[in-house]
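The values are calculated or read from the model by the stated rules, or taken from the named source; none is laboratory data. Quick caveat: nothing in here was measured; it's all calculated off a predicted structure. When we count neighbours, we look across all protein chains shown, and the Cβ atoms used for this are built from the backbone with ideal geometry, even at glycine. Each accessible area value is taken on the protein alone, full model and side chains, heavy atoms only, with ligands, DNA and RNA left out. Shrake-Rupley method; radii C 1.70, N 1.55, O 1.52, S 1.80 Å.
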Amino acid sequence: MTDLQTKRVGDAYAKLGIREPFIAAVMSKIKRETSTDVSTAATNGSWVKYNPDFCAKQTDAALFGLVVHESLHIVLMHMWRREGRDPSLWNYANDAIINKYIKDRRYELPEGGVFVDWVTEAMSSEEVYNRLKEELPPPPPSG
């Protein structure tokens, strides 16, 4: 990450300490990395990777929202609760819950985030996942 992007992400984490102190406390033990291996940002629960080119295109407010978003995946233990569920649908369900939380607090997010009208932040990941799974169209017949 360029020095400027490193500073901007660091500033977003500093704001996290002021605006969301519990989340910031959890994230104080999580390693931050830069990587072009991810298109936006990603976490495995022990690190968070940020794509420097994606970060450079974000406003400071949207970058803060991205930091909150990745942090909430860890705080809400999404990677440890997936069990045998479809990883893509599980991530989509969790993104919908997280983005609802962020929008309800009037924080900004980068464009293109997941929003599902009926999701509330009080819903569990499992509940949203199951409902999304029921609403998916059936796969085309094989053969």
Seminar exercise, completed: Once amide hydrogens are built 1.01 Å from N within the peptide plane, the residues lying 5 or more places from GLU33 or on another chain with amide H under 5 Å from its amide H are VAL48, LYS49, TYR50
For this session: Return one quarter of the surface area of the convex hull spanned by the alpha-carbon atoms of the stretch 3-123, equal to its mean projected area, in nm².
Result: 7.3 nm²
For this session: Lys and Arg at +1, Asp and Glu at -1: add these up for the other residues within a Cβ distance under 15 Å of ALA93 and post the number.
Result: -3
For this session: Let me have the relative contact order for the chain, percent, based on Cα pairs under 8 Å that are six or more residues apart.
Result: 19 percent
For this session: Take the solvent-accessible surface of the protein heavy atoms, probe 1.4 Å, and return the percent of it on the chain that carbon and sulfur atoms account for.
Result: 52 percent
For this session: Divide by every residue of the chain the summed helix terms, -39500 (n - 2.57) for each DSSP H run of at least 4, and state the resulting mean residue ellipticity at 222 nm, rounded to the nearest 500 deg cm²/dmol.
Result: -16500 deg cm²/dmol
Exercise. Across the chain, how many lysine pairs separated by 8 or more positions, or lying on different chains, have Cα atoms within less than 29 Å?
Worked result: 29
Exercise. TRP80 to LYS7: extension gain in nm, 0.36 nm per residue of separation minus the Cα-Cα distance?
Worked result: 23.3 nm
